[in-house]
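Asker: Quick one: the structure is below, and I'll ask about it shortly.
The values are calculated or read from the model by the stated rules, or taken from the named source; none is laboratory data. The structure presented is a predicted model; accordingly, all values stated were derived computationally and were not measured. Heads up, the Cβs are rebuilt from the backbone with ideal geometry, glycines too, and the neighbour counts pull from every protein chain shown. Just the protein is used for accessible areas: all its heavy atoms, side chains included, with ligands, DNA and RNA removed. Shrake-Rupley method; radii C 1.70, N 1.55, O 1.52, S 1.80 Å.
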Amino acid sequence: MRPPRQSSKAKTWSEADLILLFQNTPTPIIADAMDGRNVLGCLKPVLPHVAIAGPAVTVKTNPTDWGTVVSAIDVASTGDVLFIDGSGSNFAVWGGLTSRAAQRRGLAGTAVYGSCRDITTIGALQYPVWAKGITPRAGKPLNKGEVNVSLVVNGFLIRPRDLVKADAHGVVIIPSADSRAVADRVLQIVRREHLIETGLKKGRSFSELLRDFSS
């Protein structure tokens, strides 16, 4: 990632600025900026080499109920990311038809703490999906879950409109209340890593460069 230009003035972040920064920042750097918090490395991309960032539309559903997911697509807006809590189940709550509907709605992508299916269709659509597992088995369109509610996944809280960043390494949730502080920290880390890379190219040792930054 190319380091942003430094400015003598404090950065004023709009939501669009934040989304653009996180879109262009790999999850390892964001995870470092958050001291390793709110990371879901267990969610793997169905498509290789894709990255997304956007506000969360949250879904809490029974692992055998994919109908609530359809309702969530209808309330989501362009650029949103669906985050579905399916309790880590091996019943699919996401698949080809939901991907097609979400893509037509303009969603940035979907992250499923649970399973998905129809990965051939998802691949053909090139719709970004992250999931804990892949299975052919699905439940029913019961629509008995909840949309845009707070979730607790892997011990941490995910609220509607928190920012979701996902790439090849997994998924990181950036709480909306902390997003500007995290963005400032991301810029610091990117600049530091750029200076280290420059030093390495000039023949300096990694340990020497680390001492410079710890002093």
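Asker: Answer yes if at least one residue in the stretch 140-155 is open to solvent by 30 Å² or more (accessible area, probe 1.4 Å), in contact with a Lys or Arg (Cβ under 6 Å, 6 or more places away or on another chain), assigned to a strand (DSSP E or B) and on the phi < 0 side of the Ramachandran plot, and no otherwise.
Answerer: Checked against the condition, which is being open to solvent by 30 Å² or more (accessible area, probe 1.4 Å), in contact with a Lys or Arg (Cβ under 6 Å, 6 or more places away or on another chain), assigned to a strand (DSSP E or B) and on the phi < 0 side of the Ramachandran plot, the stretch 140-155 yields at least one hit.
Asker: For the stretch 84-93, check the following and say yes or no: at least one residue is over 17 Å from the mean Cα position of the chain (by Cα), open to solvent by less than 70 Å² (accessible area, probe 1.4 Å), aliphatic (A, V, I, L, M) and within 18 Å of Val70 (Cβ to Cβ).
Answerer: Taking every residue of the stretch 84-93 in turn, at least one turns out to be over 17 Å from the mean Cα position of the chain (by Cα), open to solvent by less than 70 Å² (accessible area, probe 1.4 Å), aliphatic (A, V, I, L, M) and within 18 Å of Val70 (Cβ to Cβ).
Asker: Still on this structure, please answer the following. Going residue by residue through the stretch 68-80, is there one that turns out to be at pLDDT 95 or above, in contact with a Pro (Cβ under 7 Å, 6 or more places away or on another chain) and either closer than 14 Å to Pro128 by Cβ or in a helix (DSSP H, G or I) (or both)?
Answerer: Yes, the stretch 68-80 has at least one match.
Okay, residues lined up against (1) over 17 Å from Ala168 (Cβ atoms); (2) in contact with a Ser or Thr (Cβ under 8 Å, 6 or more places away or on another chain); (3) assigned to a loop (DSSP other than H, G, I, E, B); (4) open to solvent by less than 10 Å² (accessible area, probe 1.4 Å):
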{"site": "Ser99", "(1), (2), (3), (4)": "yes, yes, no, yes"}
{"site": "Ala102", "(1), (2), (3), (4)": "yes, yes, no, yes"}
{"site": "Thr110", "(1), (2), (3), (4)": "no, yes, no, yes"}
{"site": "Ser115", "(1), (2), (3), (4)": "yes, yes, no, yes"}
{"site": "Thr121", "(1), (2), (3), (4)": "yes, yes, no, no"}
{"site": "Gly133", "(1), (2), (3), (4)": "yes, yes, no, no"}
{"site": "Pro136", "(1), (2), (3), (4)": "yes, no, yes, no"}
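Asker: Test each condition in (1) surrounded by fewer than 17 Cβ atoms within 10 Å (Cβ to Cβ); (2) on the phi < 0 side of the Ramachandran plot for Ala183 and report the one that comes out false.
Answerer: Among (1) surrounded by fewer than 17 Cβ atoms within 10 Å (Cβ to Cβ); (2) on the phi < 0 side of the Ramachandran plot, Ala183 violates only (1).
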